[in-house]
Structures are given as structure tokens and as C-alpha cells.
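First the structure, in the form of C-alpha cells, and then the observations on it.
What follows is calculated from the coordinates using simple rules that are stated; it is not laboratory data. Keep in mind that this is a model prediction, so the values were computed, not measured. Here the Cβ positions follow ideal geometry from the backbone for every residue, glycine too, while neighbour counts run over all protein chains shown.
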């Protein structure tokens, strides 16, 4: 790993060596993981994408290829850019492949015990200088970092979905995150042509602290009979100029993810206004998680999708 000295470090840290990130490991080949791998590869970084399932890796490579084809067709990248980016990506089911990575970003499901288990298995395979990031959308960075051997080199890097399209990345410092790590991740976001918003390490950070309670309130409105699925979504699209209605957006995010975020907020802030709606719980218990299962507040096995309530 090369290092550069940045003049923009915090007072007292002007001479600190800031790691230059040239190789990235990504854990989880789902929607977020393949999106992060996509933008990193297009930025010229070497990418190692890992998942426990080989078939998930095959699907991720196909998805990235299709998404880059769309960019080629729109003229935002060239055909040669796609070919070069895809050549930068290798896939693996073995964490040993991360041994030379400058940074590893975890993109697993939004369950703290799952993330803890991943970091425990990952750490023996990393070089001592490797930075760690979690793409968590709500869980405490300080708490995740404290269970690793490198809390000073641990940070939150929350990308928005879909990653190749959305410009924002939330950067979340844990209480132990050092300045060189923060500066290195800010520089990485710049390489990826992303805009950063720095959040304090409070439950759900900025975007989901505001967004997901709104979605939860929309589900309460449905639960209490205030309006139908279509009425609620139409009202917010036409009345508040939202590109997607809150129930449609919940399906896009994943109802299990929405529930996990509300649970983190409710447990972390001890405020009844963050209580997950019972209807949201019921849908998750039924396995109706939204688009990824073809059924949530809409049934996506029909064209156009039809409300399920």
C-alpha cells in the first residue's frame, strides 16, 4: 500500500500518512455488493468480490455486465471502459483472496450478528495495514469496530442503492476511527465520483434516520386504513413530488431491511415513535420482502405490479 501525505488532515495530524487505496475487497455479491464492485472497477481499482455462494458471484458478474452495457448505450462510458472494468474484478468464496487488499468493504445483510461473524472470519486473512469498512445502513460503527483487531482503521461507508446511479455516500466515523482512515475513505469516494455526507455514529445515521421512519409511518397509514396502497403512494408521488411512493420504495429497499433499521432505531433511541409497524413485521414473517421475493406491498409477478392489500 502506497501512502501520501495530505494537507487537509485535522490539526495536529498534518504529517500523518494517509493510505492510498488501490485494491478493494467486497464481501457480499448482492445488490449493494455488486454495485460497489461495479463503481470501484470502473474507477480503475482492483476488486475482489466474495460471497459464500458461487452462484451469487456468477449472478453478480452478469448483473454488472448488463448494468455497464446500459452505461455504454447511454454514452456515459465507452465499450473499452466496460471491458477494462470487468477485467479488474475477480470473484472468490475464500477470504484468503483478500490478503493483498488495501481495504475491505462488508456488504452483508443488515444483521449485527452476521456482520460480527464475517469480521471474525475475515481478520486472520488481512494484512495489518488493511482498512475495514461496513456498508451498514443503521448499525453502530463503534460497536462493530470494537469487536475487530483494528478499530482505528474501521469506518462506515454507506452507499445508496442503486450504487452506480446514486451519488451519495454517508461516511461514519466510529469513536476510535483515526484521521488517516477518514481521509483515505474521503479520497476513495472522490475516486468513485461520489459526494460524501459525514454522519455522527447514531442509529441509522442521516438518510435512514429520516427516510425509514417515513416509510414506517406510511405502513401505519395502510395498517390503520387511512388509505390504500395506491392512494398512499400516489399521494406522496403527486403531493410531495417523490419519484417513488413510500410503499413502492419499501419494496425496492427490502421490507426485511426496513424492519431491521426500525428495530435499530427503536432499540438504540428508546423512543416509541420508532416502533416498527405490526404490518411490516407481518409481511417480513410471511417472507414478502418486496421486489427481491417478487411480493411485498405489490405483487411483482404480475405486469403491472398489483397491490397485495
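Quick notes on this structure:
- Neighbour-count ranking [beta-carbon atoms within 10 angstrom, fewest first] of 103, 83, 61: 83, 61, 103
- Orientation-averaged projection of region 44-139 equals 7.0 nm² [convex hull of Cα atoms, one quarter of hull surface area].
- Taking the longest Cα principal axis of the chain as reference, the axis of helix 179-191 is set at about 70 degrees.
- Compared with the direct C-alpha span, the chain from residue 228 to residue 303 gains 25.1 nm at full extension, assuming 0.36 nm per residue.
- The overall shape of region 165-309 is prolate: from the C-alpha gyration tensor, with semi-axes ordered a ≥ b ≥ c, the ratio a/c is 1.5 or greater and a/b exceeds b/c.
- Computed P(r) (all Cα pairs; region 3-199; 10 Å bins; percent): 9, 38, 37, 13, 2
- The modelled label-to-label distance for the pair residue 272/residue 109, using points 7 Å beyond Cα in the direction of Cβ, is 3.2 nm.
- Modelled label positions at residue 160 and residue 193, each set 7 Å beyond Cα in the direction of Cβ, lie 1.6 nm from each other.
- Contact order, relative form, for the chain: 13 percent (alpha carbon pairs under 8 Å, 6 or more residues apart, mean separation divided by residue count).
- Under the simplified labelling scheme, the residue 206-residue 62 pair shows an inter-label distance of 3.8 nm, with each label point 7 Å from Cα along Cα→Cβ.
- A full extension of the chain between residue 72 and residue 20 corresponds to an added length of 15.8 nm, given 0.36 nm per residue minus the alpha carbon distance.
- Percent antiparallel among DSSP beta bridges (both partners in the chain, rounded to 5): 30
- Against the main long axis of the alpha-carbon atoms of the chain, helix 229-239 sits at an angle near 70°.
- Tilt relative to the chain, helix 112-122 - C-alpha long axis, 0 to 90 degrees, to 10: 20
- Here the residues 87, 138, ranked from fewest to most Cβ neighbours within 10 Å of their Cβ, fall in the order 87, 138.
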